[in-house]
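Peer 1: Can you read through this structure? Questions will come right after.
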Amino acid sequence: MATKETKQRGRPRSFDRETALEQAVRSFWERGYEATSISDLTRAMGISAPSLYAAFGDKRALFDEVVVEYGRLYGGFLSRAVAEEPTARRGVERALREAAAEYTLPGRPRGCLVISAALNISPASAEVADSLREMRLANVRAIAAAIRADIASGELPPDTDAGALAAFTGAVIQGMSQQARDGAERTELEAIAELALKAWPRKAGGASR
């Protein structure tokens, strides 16, 4: 019986998908969602518009994938720090120091894509803004949960306002991102981080560490 040869359907991709995605990350990171056009993306990614649509879908679908890739490669340090350190303050201290370094690292766009990508966005792209806002709020909720755990264990005073302290921390991180985009250097952001940590309440018997 003759063996039936299986033929590959469609034309093979002529570009490396991971490399193209990395260039898309940088484009959205530098310009934001709305200011980044399809022509900006195809030029940065080195592919044609039909290839972009075939491989990634439309601009919104590509951006959703970009956000996941950004978190995997660059932006997950905050949630990791809060999850891995033994106390909320230690987690936030680590996150702020890492933010100062990450937001000013040479050779990449400054600041945080999740914080800056939806600035000056139109109502037509409200879903993008809402999605990024939810990601930021999820980080604040994780910090608040860690603070509440420390209150329960006695690491922080019982009258600590977990929600307000977590929101304050989120505001500091967002401000550091914008400062970095405005040209602040790592040492300047580290000074902001040090001042922010002074706002944390002390536990009975000494500074909360």
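The values are calculated or read from the model by the stated rules, or taken from the named source; none is laboratory data. Being a predicted model, the structure only gives us computed values, none of them experimental. Virtual Cβ from ideal backbone geometry, glycine too; neighbours counted across all protein chains shown. SASA here: full protein model, heavy atoms, side chains in, ligands and nucleic acids out. Shrake-Rupley method; radii C 1.70, N 1.55, O 1.52, S 1.80 Å.
Peer 1: Which residue pairs have Cβ atoms closer than 8 Å, lie 6 or more positions apart in sequence or on different chains, and pair a first residue in the range 140-154 that is touching a residue at least 24 places away in the same chain (Cβ under 8 Å) with a second residue that is in a helix (DSSP H, G or I) and open to solvent by 40 Å² or more (accessible area, probe 1.4 Å)?
Peer 2: Sorted first by the residue in the range 140-154, then by its partner, the pairs are V140/A167; A142/S79; A142/A83.
Peer 1: Hydrophobic (A, V, I, L, M, F, W, C), farther than 21 Å from P109 by Cα and open to solvent by 40 Å² or more (accessible area, probe 1.4 Å), is that true of A35?
Peer 2: For A35, the condition - hydrophobic (A, V, I, L, M, F, W, C), farther than 21 Å from P109 by Cα and open to solvent by 40 Å² or more (accessible area, probe 1.4 Å) - is not met.
Peer 1: Taking the condition of being assigned to a loop (DSSP other than H, G, I, E, B), surrounded by fewer than 13 Cβ atoms within 10 Å (Cβ to Cβ) and over 13 Å from the mean Cα position of the chain (by Cα), how many residues in the range 47-83 meet it?
Peer 2: Going through the range 47-83 one residue at a time, the tally reaches 2.
Peer 1: Please verify whether A145 is open to solvent by 30 Å² or more (accessible area, probe 1.4 Å), part of a helix (DSSP H, G or I), at pLDDT 95 or above and out of contact with any strand residue (DSSP E or B) (no Cβ under 7 Å at 6 or more places or on another chain), treating the condition exactly as stated.
Peer 2: Considered against the rule, which asks whether it is open to solvent by 30 Å² or more (accessible area, probe 1.4 Å), part of a helix (DSSP H, G or I), at pLDDT 95 or above and out of contact with any strand residue (DSSP E or B) (no Cβ under 7 Å at 6 or more places or on another chain), A145 comes out as yes.
Peer 1: Scanning for something open to solvent by less than 50 Å² (accessible area, probe 1.4 Å), of a type outside the set (K, R), more than 18 Å from F77 (Cβ to Cβ) and not in a helix (DSSP H, G or I), does the range 197-204 turn up at least one residue?
Peer 2: Looking for residues that are open to solvent by less than 50 Å² (accessible area, probe 1.4 Å), of a type outside the set (K, R), more than 18 Å from F77 (Cβ to Cβ) and not in a helix (DSSP H, G or I), one finds at least one in the range 197-204, hence yes.
Peer 1: Among the residues of the range 97-116, what is the count of those that are more than 13 Å from S177 (Cβ to Cβ) and surrounded by 17 or more Cβ atoms within 10 Å (Cβ to Cβ)?
Peer 2: Residues meeting the conditions: 1.
Peer 1: Regarding the range 88-96, can at least one residue be identified that is surrounded by fewer than 13 Cβ atoms within 10 Å (Cβ to Cβ) and at pLDDT 95 or above?
Peer 2: no
Peer 1: Counting just the residues of the range 97-142 that are of a type in the set (A, V, I, L, M) and in a loop (DSSP other than H, G, I, E, B), which one comes out modelled with the highest pLDDT?
Peer 2: Looking at residues that are of a type in the set (A, V, I, L, M) and in a loop (DSSP other than H, G, I, E, B), I get L105.
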